[in-house]
Amino acid sequence: MADQNVSNERKKELEQIDPFQESLLKALAYAGENKKPIFLILGAIVVVGVIFSGIMFSFKKSENTASDLVSKAVAKYSQAIDPAKGFETVKGDFETVFSDYSNTSAGKIARVKFAKICFDAGQYDRAFELYKEALDEFKNDSGMKNFLLSSLGHVSQAKNDLDKAKSYFLQIETGNSNLLKDDARFALAGLYEISNDMESSLKMYEKIVNDHENSIYRGIAESKISGAK
């Protein structure tokens, strides 16, 4: 009799649906009742996936094309006899990149490359414009930011806009990154010297000696300090 009771209780347990089975049956029932909406949702997901894949393919293709154009332009420039002729040779190639592929990574780097080409050719206004655009693009990259600030400082100096040059170098000098800080301090020392602010000039030379042991400007800085004594 006891065995019969156990058998009946086990039978009742087996007849009961566990929570997982119950949820699965409910989901299947819902799917059966709502076939059309579900198919529409799945279709929308597929369409979004196809569109996204198309966008990524197009972007990758644009990136590769831009990179190829920049590489060819740089190679062409390297064969030029002098910077001025090199600038004339490749300016059309770079302008095409800026026009058609400005939002690609290669297009952004191309601004920096062509800015240097413009600077070497004496095209200071165009170089400044390109470096400024690049600074807007890389403002959150501390390394690139200092490089571009330094470049803008040197271009401004070449344009004889000494106050603007000083403002760019000071951003590096007072910034957290040490990249090109000795270069900025050396440039500032020279700018202060031009404006007869010898006290500020010597402070910059002293910072180079104290903070930049391996700087290429260290020897000149030490000489300037010794000459002032």
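Residues are listed down the side, and each one gets a yes or a no for (1) within 25 Å of I225 (Cα to Cα); (2) buried (at least 19 other Cβ atoms within 10 Å of the Cβ); (3) within 22 Å of the chain's Cα centre (by Cα); (4) not assigned by TED's automatic domain parsing to the domain that holds A73:
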{"position": "S105", "(1), (2), (3), (4)": "no, no, yes, no"}
{"position": "D163", "(1), (2), (3), (4)": "yes, no, no, yes"}
{"position": "Q171", "(1), (2), (3), (4)": "yes, no, yes, yes"}
{"position": "M198", "(1), (2), (3), (4)": "yes, no, no, yes"}
message = Can you report the number of residues in region 104-150 which are within 22 Å of K76 (Cα to Cα) and polar (S, T, N, Q)?
response = 3
query = Which residues, counting only those in region 127-142, are among the acidic types (D, E) and either buried (at least 17 other Cβ atoms within 10 Å of the Cβ) or modelled with pLDDT under 95 (or both)?
reply = E133, D136, E137, D141
inquiry  = I'm checking my understanding of the structure. Among residues of region 87-103 that are assigned to a helix (DSSP H, G or I) and among the aromatic types (F, W, Y), which one is surrounded by the most Cβ atoms within 10 Å (Cβ to Cβ)?
reply    = F94
ask   = Just checking, how many residues over region 177-197 are assigned to a helix (DSSP H, G or I) and either closer than 18 Å to S215 by Cβ or polar (S, T, N, Q) (or both)?
value = 13
query = Given the conditions (1) closer than 25 Å to L69 by Cβ; (2) at pLDDT 95 or above; (3) crowded, with 21+ Cβ neighbours inside 10 Å, which single one is not true for A187?
reply = (1)
note = Counting only helices (runs of 4 or more DSSP H) wholly inside region 104-165, the ones holding at least 1 residues that are within 24 Å of T65 (Cβ to Cβ) and of a type in the set (F, W, Y) are 105-120
task = Just give me the residues in region 37-86 being modelled with pLDDT of 90 or more and not in a helix (DSSP H, G or I), in sequence order.
result = Q79, D82
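The values are calculated or read from the model by the stated rules, or taken from the named source; none is laboratory data. Just so it is clear, the model here is predicted, and its values are computed rather than measured. Reconstructed Cβ throughout: ideal geometry from the backbone, glycine too, with neighbour counts over all protein chains shown.
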